[in-house]
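Novice: Starting off with a structure, shown below.
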Amino acid sequence: MPRDPYNPLLFAGRAQIIREIQQWATNPGDQRLLSVVGSPGIGKSWVLEHIRHDLTSRGFLVLFADAHHLAGSGSTATLRQLIRQVAQQCPSLEADLQPLLDSNLHPEQVWAGLSQVLCQARLSSKPLLIIDGLDGLSNPGDRNKVERQLIMFLQLDCTLGILARRDEWGLQHLPLRWMERPLKLVSFSQMEAQDQVQRRAGSSGPDIRARLSAQIPGYPWNHPCMNAYLIDWGMKNPGISLDSSVIQACIEDAIGSPFSPPAFQRLLDLCGQARWTMADLRSHGLSLEDPGIYELFRQGLFIEDPPFYQVADGFREMACELRRMQGSPCP
């Protein structure tokens with residue numbers, strides 16, 4: 001079951017962080033870049049999509065771009081499409097925007113030109129660029145390319161930016177770090193999980209959750225993506241019990257890709273302890289240079305909370321449930 005595309009009817013919880021973003025967009029101060037930070041599958045993309053529609057309805061000029069498109073060979077075409085969207089929303093700017101469409105300027109120059117046009121227009125609210133998918137760029141050069149384009153858009157103080165990133169992948173460029181306001185996206189509360197289950201499964205949701213909870217009693221339903229996977233699986237398989245293959249597929253769906261065998265083994269090794277120090281790792285014959293641990297770190301599953309390291313919420317509990325099914329429960 002692939003990850004869901006954004007659906008406003010299924011958007012659950014997150015009322016507090018939506019309010020914080022709304023307030024920031026109205027009065028950002030010097031922190032004109034807001035980063036929604038969190039582990040894989042925690043709901044960063046859905047929050048960005050939701051705030052995109054919310055701020056647009058409030059009169060903001062919102063541009064939305066996928067980092068993969070900005071980093072790829074089609075970045076110029078993507079940028080031109082965004083400029084055409086601006087021209088459609090603000091017809092009075094069409095003549096000023098036309099040179100940016102007709103020229104062979106480098107994308108960074110086009111972003112700078114777009115920023116200048118928007119600032120000179122003196123819109124009623126600050127124009128906003130939202131970039132999703134930055135944490136899906138594994139190549140540092142691609143991330144650098146996207147960040148440089150964002151810098152050019154934010155060069156004048158009338159513009160705003162929002163992006164999503166994982167905890168362990170900070171921004172590379174100092175100008176962005178200086179203006180960044182990180183906003184942590186935390187695990188679901190029980191009330192938010194209940195709302196999500198009700199939206200996805202309707203009146204049968206509580207019964208489906210109760211049936212699955214009886215089979216994975218250690219999972220607290222705190223991870224939005226894994227919750228969605230479990231509820232959808234439960235609706236499609238009403239008479240079938242969960243097994244280890246379903247649990248592994250659920251975890252892999254949350255990160256968006258399969259594990260390598262070394263990384264999956266390390267996840268099972270590390271989930272048995274809530275927090276790890278460097279000394280703890282060494283006492284188990286492990287280190288951060290271990291290929292499996294390094295992969296978990298890059299995926300955002302093994303995160304740093306100095307002086308500790310830990311498996312991200314939701315993943316640790318679900319991995320412990322998998323170990324229990326395999327006959328080696330967590331301590």
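Novice: Non-local amide H neighbours of LEU34 (under 5 Å, H modeled in plane, Pro and chain starts lacking H): which ones?
Specialist: Here GLY161, ILE162, LEU163, ARG181 satisfy the definition.
Novice: For ARG58 and ASN27, compute 0.36 nm times the residue count separating them, minus their Cα-Cα distance, and round to one decimal in nm.
Specialist: 9.7 nm
Novice: Sticking with this one: Pop a pseudo-label 7 angstrom from the Cα along the beta-carbon direction at both ARG19 and SER92 and give the gap in nm to one decimal.
Specialist: Each label point lies 7 Å from its Cα, and together they span 3.5 nm.
Novice: Now, a different point. Have a look at the DSSP beta bridges in the chain and tell me what percent are antiparallel, nearest 5.
Specialist: Expressed as a percentage, antiparallel bridges in the chain total about 20.
Novice: From the backbone phi of segment 277-290, what are the Karplus-calculated ³J(HN,Hα) couplings (6.51 cos²θ - 1.76 cosθ + 1.60, θ = phi - 60°) in whole Hz, Gly and Pro given as x?
Specialist: These are the phi-based 3J(HN,Hα) values: 9, 4, 5, 4, 4, 4, 5, 9, x, 10, 8, 5, 7, 4 Hz.
Novice: Sticking with this structure for a sec: If a/c stays under 1.5 just call it rounded; otherwise compare a/b with b/c (prolate if a/b is bigger, oblate if not). Do that for segment 190-325, with a ≥ b ≥ c from the square roots of the Cα gyration tensor eigenvalues.
Specialist: Cα axes put segment 190-325 in the prolate bin.
Novice: Can you give the FRET efficiency for SER204 and GLN265, using 1/(1 + (r/R0)^6), R0 = 22 Å, r = Cβ-Cβ distance, to the nearest 0.05?
Specialist: Approximately 0.05, to the nearest 0.05.
Novice: Build a GNM of the chain with springs between Cα atoms under 10 Å: which of ARG148, ARG316, ARG58 gets the top mean-square fluctuation?
Specialist: In the Gaussian network model the winner is ARG58.
Novice: Using the Cα centre of the chain as origin and beta-carbon charges of +1 (Lys, Arg) and -1 (Asp, Glu), tell me which of ILE208, GLN326, SER245 is placed farthest towards the positive end of the dipole.
Specialist: Checked the options; the winner is ILE208.
Novice: Might you list the cysteines of the chain that have no disulfide-compatible partner by the rule of another cysteine's Cβ under 4.7 Å?
Specialist: Taking the Cβ cut-off of 4.7 Å, the unpaired cysteines of the chain are CYS90, CYS225, CYS250, CYS271.
Novice: Obtain the nm distance between the two label points defined at SER138 and SER245 by a simple spin-label model: each point lies 7 Å from its Cα along the Cα-to-C-beta direction.
Specialist: Reported label-point gap for SER138 and SER245 is 2.5 nm.
Novice: Would you mind counting up the charge near SER189? Only other residues with Cβ under 13 Å from its Cβ, with Lys and Arg at +1 and Asp and Glu at -1.
Specialist: Its environment carries a net charge of -2.
Novice: Going highest first, how would you order 239-252, 27-40 by mean Cβ packing within 10 Å? Don't skip to the end; give the middle numbers.
Specialist: On the way: 239-252: 15.6, 27-40: 19.3.
In descending order of packing, they fall as 27-40, 239-252.
Novice: State to the nearest 20 debye the size of the charge dipole of segment 147-298 about its Cα centre, where the only charges are +1 on K and R beta carbons and -1 on D and E beta carbons.
Specialist: Roughly 240 debye, rounded to the nearest 20.
Novice: Expressed in nm to one decimal, what extension gain is obtained for the pair ASP232 and GLN109 from 0.36 nm per residue of sequence separation less their Cα-Cα distance?
Specialist: On the way: separation 123, 0.36 × 123 = 44.28 nm, distance 4.55 nm.
So the extension gain works out to 39.7 nm.
Novice: Whole-Hz ³J(HN,Hα) for each residue in segment 129-138, computed from phi via Karplus 6.51 cos²θ - 1.76 cosθ + 1.60 with θ = phi - 60°, x for glycine and proline: what do you get?
Specialist: 3J(HN,Hα) across segment 129-138, in whole Hz: 10, 10, 10, 10, x, 4, 6, x, 8, 7.
Novice: Moving to a separate point now. So how far apart, in nm, are the two label points at LEU156 and LYS184 if each is 7 Å from Cα heading toward Cβ?
Specialist: If labels sit at LEU156 and LYS184, their model points lie 3.7 nm apart.
Novice: Please give the Cα centre distance for segment 173-207 versus segment 225-243, rounded to the nearest Å.
Specialist: 20 Å
Novice: Show which lysines lie in cross-link reach of LYS184 when reach means a straight Cα distance below 22 angstrom and same-chain residues fewer than eight apart are skipped.
Specialist: LYS44
Novice: Of the listed values (1) 6, 19, 26, 25, 13, 6, 3, 1, 0; (2) 5, 24, 29, 23, 14, 5, 0; (3) 5, 24, 32, 25, 11, 2, 0, grab the one calculated as P(r) over Cα pairs in 10 Å bins from 0, in percent from the structure here.
Specialist: (2)
Novice: Continuing with this model, one more query. So what's the net charge close to MET278: Lys and Arg +1, Asp and Glu -1, counting the other residues with Cβ under 15 Å from its Cβ?
Specialist: -3
Values quoted throughout were computed directly from the atomic coordinates according to the rules given, and no laboratory measurement underlies them. What you see is a predicted model; the values in this text were computed from it and never measured. Here the Cβ is made from the backbone with ideal geometry for all residues, glycine too, and neighbour counts use every protein chain on show.
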